[in-house]
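A short write-up of the structure that comes next.
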Amino acid sequence: MSTKSKPTLLDVARLAGVSGMTVSRALSKPDKVSEQTRQKIEQAVRELGYVPNLAASQLVTRRSGIIGALITTITNPILATTIETLQQGLARAGYHLLIGETRFSQEEETKLLRAFLGRQLDGLILAYGYHAPETLELLQSTDIPLIELWDLPEGEVPRQPVGQVVGFSNWAAGAAAGRHLVECGYRRPAFFGYDDDRENLRFAGFRQAVSEGLGVDPLRLNTSPVPHIDDGVDVIQRIARGEIDCDSAFFTNDMPAIGALFTCQRLGIRVPDELGICGFGDLPIARVAMPSLTTVRIPAERVANSTVELLCQRIRGEQSWDALVDVGSELVARESTALRRL
């Protein structure tokens, strides 16, 4: 019984009418060949069913062509946009993205990191800036180019980054939300978010803005570690029962804020007159909700594009790069908060 031999790189080259070196370059660094040549090679690869021998390539180039990314959650639309942009940018540079989801667990992050480090990665991306001691030891023992996303080092005792950082100030984002609610005339703002390092920074900024504007400390209540629309439902139900005394709410994720908006409509609580609501993330639903949701916008695509650029610089061995890239944040005022007549 005869078996069909596997197509080789030279078979692809012959069919595409180019050299073997050009095929190799197109597969490893597609941005280094013309669009027309790349399309001919991709067509030949599809027709022949050619699969590159990555193990052999790694022995020669000492490159795997793989970038690992440890993401807190793939269900968050902001992170989903970030992942999509990362994948597209890395693909243009000739890399594949390997994703692991930590679900906000430092133990899971350590376990996934061990698995990733055994795969000869060309680069590593971490979408969270706070790590367990075991994770820090692993990161400090590797020379893989590394980028941390989202969380800039800040606070009274800033954390020590383990690589380059592309992100924004959580403190400034929280302060912007608190300042906006005060300027709108709300007098009892409340903060709803999870109790962790980044949320504590957002609350610190929120509290300072409220304290400077009103001379009081805002209420803080903790929600679930993985933001969910039901968190906002629960908050509004508790407000309606008189268990929470506030006239405005800052949710550190748009999904609970949207749940709060829907529940206010169902219970007859007028937004923004009786209750102002501010979210975080500027999800697409925030713009089309009724009323539209005031929120803090993070430029996810800029985060991803800056990460790809910096990571590729590191992999190429370039000596000049930015250690910290602050992409900033923006308070987007919409209908769920408004200037109150006092």
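The values are calculated or read from the model by the stated rules, or taken from the named source; none is laboratory data. Computed from a predicted model, the values in this text were never measured in an experiment. Heads up, the Cβs are rebuilt from the backbone with ideal geometry, glycines too, and the neighbour counts pull from every protein chain shown. Just the protein is used for accessible areas: all its heavy atoms, side chains included, with ligands, DNA and RNA removed. Shrake-Rupley method; radii C 1.70, N 1.55, O 1.52, S 1.80 Å.
For ILE66, enumerate residues with amide H under 5 Å from its amide H, sequence gap 5+ or separate chain, H modeled in the peptide plane.
Excluding prolines and chain starts, which carry no amide H, the hits are HIS96, ASP122.
P(r) for region 205-263, please, calculated from all Cα pair distances in 5 Å bins and given in %.
4, 18, 26, 23, 17, 11, 1
Report the extension gain between SER105 and ALA132 in nm, rounded to one decimal, defined as 0.36 nm multiplied by the number of residues separating them, less their alpha carbon distance. Please list the in-between numbers first.
On the way: separation 27, 0.36 × 27 = 9.72 nm, distance 0.95 nm.
Extending this stretch completely gives an extra 8.8 nm.
Compute, for the chain, the length of the dipole vector about the Cα centre, with Cβ point charges of +1 (Lys, Arg) and -1 (Asp, Glu) only. Units Debye, rounded to 20. Display every interim value, and only then the final one.
On the way: 36 positive and 42 negative charges, 269 e Å.
Its charge dipole is roughly 1300 debye.
With N set to the number of residues, divide the alpha-carbon radius of gyration of the chain by 2.2 N^0.38 Å and report two decimals. Walk me through the intermediate numbers first.
On the way: Rg = 24.4 Å, N = 342, 2.2 N^0.38 = 20.2 Å.
Computed over Cα atoms of the chain, the ratio equals 1.21.
Towards the positive end of the charge dipole of region 254-342, with charges on Cβ (+1 Lys, Arg; -1 Asp, Glu), say which of LEU283, VAL308, ALA260 has the farthest Cα.
Farthest towards the positive end: ALA260.
Given a cut-off of under 8 Å on Cα pairs at least six residues apart, what relative contact order in percent is computed for region 80-236?
On the way: 191 pairs, mean separation 24.3, N = 157.
Worked out over region 80-236, it gives 15 percent.
How many nm is it between the label spots at GLN265 and ARG92, if each spot is 7 Å from the Cα in line with the beta carbon?
Calculated label separation equals 3.8 nm.
Excluding VAL33 itself, what net charge comes from residues whose Cβ is under 13 Å from its Cβ, given Lys and Arg +1 and Asp and Glu -1? Could the numbers behind the result be given before it?
Details: positive: ARG25, LYS29, LYS32, ARG38, LYS40, ARG92; negative: ASP31, GLU35, GLU42.
Net of charged neighbours comes to +3.
How far apart, in nm, are two points set 7 Å out from the Cα along the Cα-to-Cβ line at ARG316 and at ARG14?
3.6 nm
Report the antiparallel proportion of the DSSP beta bridges in the chain as a percent, rounded to a multiple of 5. Before the final figure, lay out the partial values.
Values: 3 of 38 bridges.
So the antiparallel bridges in the chain amount to around 10 percent.
Each label point is 7 Å from the Cα along the Cα-to-Cβ direction; what then is the distance between the points at SER5 and GLU47, in nm?
1.9 nm
Relative contact order for region 135-220: what percent, with Cα pairs under 8 Å and sequence separation of 6 or more?
Working: 117 pairs, mean separation 22.9, N = 86.
Relative contact order comes out at 27 percent.
Please list, in chain and number order, the residues 5+ apart from ASP151 or on another chain whose amide H is under 5 Å from its amide H, with Hs placed from the backbone.
GLY129, PHE168
Over the chain, what relative contact order in percent results from Cα pairs under 8 Å that are six or more residues apart? Present the calculation step by step, with values, prior to reporting the outcome.
Details: 624 pairs, mean separation 51.0, N = 342.
Over the chain, the number comes to 15 percent.
How high is the FRET efficiency from GLN140 to GLU35, r the C-beta distance, R0 51 Å, rounded to 0.05? Spell out each step's value before the answer.
Details: r = 42 Å, r/R0 = 0.82.
With R0 = 51 Å, the Cβ-Cβ based efficiency is 0.75.
Based on the mean of other Cβ atoms within 10 Å per residue, sort peptides 171-179, 26-34 so the most packed one is first.
Working: 171-179: 24.0, 26-34: 16.0.
The most tightly packed comes first, giving 171-179, 26-34.
Can you say what percent of the DSSP beta bridges in region 206-342, counting only those with both residues inside, are antiparallel? Round to 5. Before the final figure, lay out each step's value.
Working: 3 of 9 bridges.
Counting DSSP beta bridges with both partners in region 206-342, the antiparallel share is about 35 percent.
Would you compute, from DSSP H runs of 4+ residues alone, the mean residue ellipticity of the chain at 222 nm, taking -39500 (n - 2.57) per run and dividing by the full residue count, rounded to the nearest 500?
Taken over the chain, the calculation gives -14000 deg cm²/dmol.
Compute a Gaussian network model of the chain, connecting alpha carbons closer than 10 Å, and tell me which residue from ALA115, ALA304, ALA190 fluctuates the most.
ALA115
Region 228-330: which trypsin sites (Lys or Arg not before Pro) are DSSP loop and have at most 10 other beta-carbon atoms within 10 angstrom? Numbers along the way, then the final one.
On the way: sites: ARG238, ARG241, ARG266, ARG270, ARG287, ARG297, ARG302, ARG314, ARG316; in loops: ARG241, ARG270, ARG316.
Filter output for region 228-330: ARG241, ARG270, ARG316.
Out of the total accessible area of the chain (probe 1.4 Å, heavy atoms of protein only), what percent is carbon and sulfur?
Values: 8600 of 17170 Å².
Carbon and sulfur atoms account for 50 percent of the accessible area of the chain.
Would you list, by chain and number, the aspartates and glutamates whose Cα falls below 13 Å from the Cα of LYS6, excluding same-chain residues fewer than 8 positions away?
GLU47
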